[in-house]
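Have a look at the structure below before the remarks.
Please treat every number below as a calculation from the coordinates, not as lab data. From a predicted model like this one, the values you see are computed outputs, not experimental measurements. When we count neighbours, we look across all protein chains shown, and the Cβ atoms used for this are built from the backbone with ideal geometry, even at glycine.
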Amino acid sequence: MESRLKQFQSYIEKYIEIIASVLNIDIEIVDDKLIRIGGTGIYKNKVNENVITEGNIYSEVLETSKEVVVLDIEKNSSCVECSNFEQCINKSIIVVPIKYDNQTIGVVGAVSTDIEKKKHIKSKIDSYLPFIENICDLISMKIEEHEVNKDNSKKMQMFHEVINNVEKSILILDTQHKISYINDIAIKCLKLSNNQIGEVLNIINCESYTNGKELITINIGGNQYKITAKTIPVYPYIKSYDKIIIFDKVNEQVELPQNINTNWGINNIESIVGNSYVMQSIKHRIKKLSKSNSTVLITGESGTGKELIARAIHAEGNRRNKPFIAINCAAIPENLLESELFGYVKGAFSGASNSGKIGKFEFANMGVIFLDEIGDLSFHLQAKLLRVLQERKFARIGSNKLIDLDIKVIAATNKDLLKLVSEGLYRDDLYYRLNVIPINLPPLRERKEDIKDLINMFMPKYSVELNINLYKIEDSVIKMLENYYWPGNIRELENAIEYMMNLVGEDGIITTDMLPIDIINYYKKKNMLVQVCDDEGCLDVNLQEIDDEIMKYEGKIISIKDLELIYINKLLDKYGRTTKTKKEIAKKLGIGLATLYRKLEEN
Ligand SMILES: Nc1ncnc2c1ncn2[C@@H]1O[C@H](COP(=O)(O)OP(=O)(O)OP(=O)(O)O)[C@@H](O)[C@H]1O
């Protein structure tokens with residue numbers, strides 16, 4: 001069997017040439033079988049020879065594992081007694097053992113064969129000896145490195161073997177998101193024809209699913225796939241790999257148009273319906289700001305289209321071919337949100353999945369992260385997010401490897417963040433970091449001009465979905481939709497259209513009786529007119545207006561006296577405050593004019 005040093009012969013030969021030229025003496029390296037593995041000068045042509053006949057110092061060093069320094073062989077008893085002494089041409093010799101794994105596997109001999117070099121060695125022995133010791137250490141380290149690599153590649157081979165034999169599709173990515181390994185099942189499942197090793201795999205979208213899995217959209221080889229996958233962070237346990245994606249099947253596959261890596265068309269600016277002045281100016285701003293990397297904060301009531309705007313910013317910008325990852329900060333319990341955002345490595349905390357988890361920030365890297373309901377972040381996560389926004393780096397929980405983030409952040413909230421700041425419930429420094437580019441989406445009731453356009457967009461959508469060929473909406477319905485107060489904004493309007501389209505009869509006409517109950521009730525309340533009549537005529541009293549007035553006293557019991565006053569004032573507002581009308585109103589109320597004045601003055 002070859003000695004360990006013999007396996008490194010070519011490396012050793014190159015290495016000692018360099019050393020010899022630095023030291024200006026001859027060097028030889030001999031293995032534990034006393035075979036010369038490498039040599040310079042007079043030993044160069046004697047490589048692979050056995051040195052047993054040339055003296056016994058090497059055997060002694062191999063045996064004792066201790067270095068030997070002979071500065072003058074004539075004064076060294078061991079040399080003098082050596083059977084080769086008469087033929088020996090060496091004048092001085094330094095021999096240092098090469099140790100590996102607690103064994104002496106060879107020696108380095110530094111030899112001088114002339115008097116001048118001998119003198120030189122003698123004068124420089126204090127620096128020569130440590131230098132040669134370092135050479136021995138370097139050789140051992142080289143062997144160690146080789147052994148570790150050999151061990152690793154054996155482990156990797158076994159790892160690949162295992163991966164190829166499990167009944168799941170597996171993809172391994174490196175830190176550049178390039179495919180490092182793909183098993184046969186994955187190739188089959190993704191219907192890939194070529195070897196995709198080295199190709200960049202773009203993770204376009206990712207939504208949390210059950211059992212620690214995610215719904216991921218990936219692009220490979222001109223196709224886009226939707227898969228339900230488990231993603232496992234591997235770095236730093238295996239340095240050459242970053243993450244493993246394991247999945248069972250492809251939920252959906254679409255061919256991507258040529259030269260376009262992703263399919264964001266449906267989310268671009270044209271998908272934002274509305275030509276009111278405010279929506280026009282918002283669309284204009286989106287076009288301008290989508291090219292910038294600055295953080296955007298979108299505010300507005302629920303259902304006003306904040307996510308739609310965020311997606312349009314992504315689709316219009318230069319990150320459109322990179323991921324858009326949305327996370328709703330209010331929908332995930334606080335203790336899970338941190339790991340959802342930043343991921344974790346295995347064993348990061350008790351209860352964590354033992355394979356680890358990739359966080360949304362990592363998925364969104366190079367693209368856009370949409371942090372919805374940002375007003376609901378706990379103080380702890382506010383601080384952490386602030387750090388990430390400042391440093392543009394983060395670490396998976398339980399790991400100290402910092403991952404660089406090249407990301408555009410879009411945040412959204414329906415809360416008044418500034419009010420939360422003033423109440424001490426939100427960090428002001430985070431607020432200002434987020435509010436770099438503010439976009440406020442007004443509620444639908446403040447942009448009634450958009451309602452008709454939205455109706456005209458939603459009706460064809462649901463006619464296709466519900467397979468309705470003929471449809472028409474009565475003007476009175478449109479009027480009522482336009483004048484409704486839309487607490488749920490566009491989402492509620494869309495639901496209303498869907499509801500009414502479901503009720504359409506054979507004539508395909510949407511009439512007022514098909515309106516959703518909330519809208520009907522709204523109008524019923526609004527139109528609660530009561531006629532107060534006597535033999536001289538009638539007065540219309542709108543009970544809704546009185547109801548609205550009473551609502552202002554929210555939670556308090558209102559006195560009969562106040563109620564009386566509200567009612568009298570409503571009547572005066574409606575019919576006028578002239579003496580004549582006051583007289584008429586007093587009469588109809590069954591009181592005298594003086595009593596009416598007293599009631600008004602008393603309050
Ligand atoms: N201007 C618009 N044009 C077309 N569709 C719209 C518009 N605004 C909103 N929508 C639609 O209304 C629905 C609600 O929008 P979106 O989810 O973006 O609102 P949101 O403000 O993010 O709501 P929440 O605060 O509840 O998350 C979506 O289906 C969206 O496509």
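A few remarks follow.
- For the stretch 434-511 and the stretch 1-68, distance of Cα centres in Å: 89
- Segment LYS401-MET457, length gained on full extension (0.36 nm per residue, minus Cα span): 15.3 nm
- 17 Å cut-off, amide nitrogen to a point 7 angstrom out along SER59 Cα→Cβ, residues in the stretch 69-85: 77-85
- Were the residues from ASP72 through TYR553 laid out at 0.36 nm apart, the gain over their Cα-Cα distance would be 162.0 nm.
- Put simply, the C-alpha atoms of the chain give a gyration tensor, and the ellipsoid matching it has half-axes of 88, 28, 18 Å, longest first.
- Length added when fully stretched, VAL80-SER240, from 0.36 nm per residue minus Cα-Cα: 52.0 nm
- Annotation note: trypsin sites (Lys or Arg not before Pro) in the stretch 147-254 located in DSSP loop regions with a Cβ neighbour count of at most 13 within 10 Å are LYS191, LYS239.
- Antiparallel %, DSSP beta bridges [both residues in the chain], to 5: 75
- For the chain, the relative contact order is 8 percent, taking Cα pairs closer than 8 Å that sit 6 or more residues apart in sequence and dividing their mean separation by the residue count.
- Loop chymotrypsin sites (Phe, Trp or Tyr not before Pro), the stretch 153-244, which have at most 16 other Cβ atoms in a 10 Å radius of their Cβ (DSSP): TYR209, TYR237
- With Cα atoms, 0 to 90° folded angle of helix 306-316 axis to the chain main axis: 50
- Using the rule -39500 (n - 2.57) for each DSSP H run of four or more residues, divided by the residues of the chain, the 222 nm mean residue ellipticity is -12500 deg cm²/dmol.
- On Cα atoms only, tilt of 560-575 relative to the major axis of the chain in degrees: 80
- For LYS44, net neighbour charge (Lys/Arg +1, Asp/Glu -1) across residues whose Cβ lies under 12 Å away: -3
- In this label model, GLU199 and GLU144 are separated by 4.2 nm, measuring between points 7 Å along each Cα→Cβ vector.
- Folded to 0 to 90 degrees: helix 9-23 orientation relative to the chain principal axis, Cα: 70
- Sites ASN335 and GLU482 - FRET efficiency at Förster radius 51 Å, r taken between beta-carbons, to 0.05: 0.65
- Qualifying GluC sites (Glu not before Pro) in the stretch 54-99, where qualification requires a DSSP coil assignment and no more than 13 other C-beta atoms within 10 Å, comprise GLU81, GLU86.
- The calculated FRET efficiency for the pair LYS287 and ASN251, based on their C-beta separation and a Förster distance of 30 Å, comes to about 0.35.
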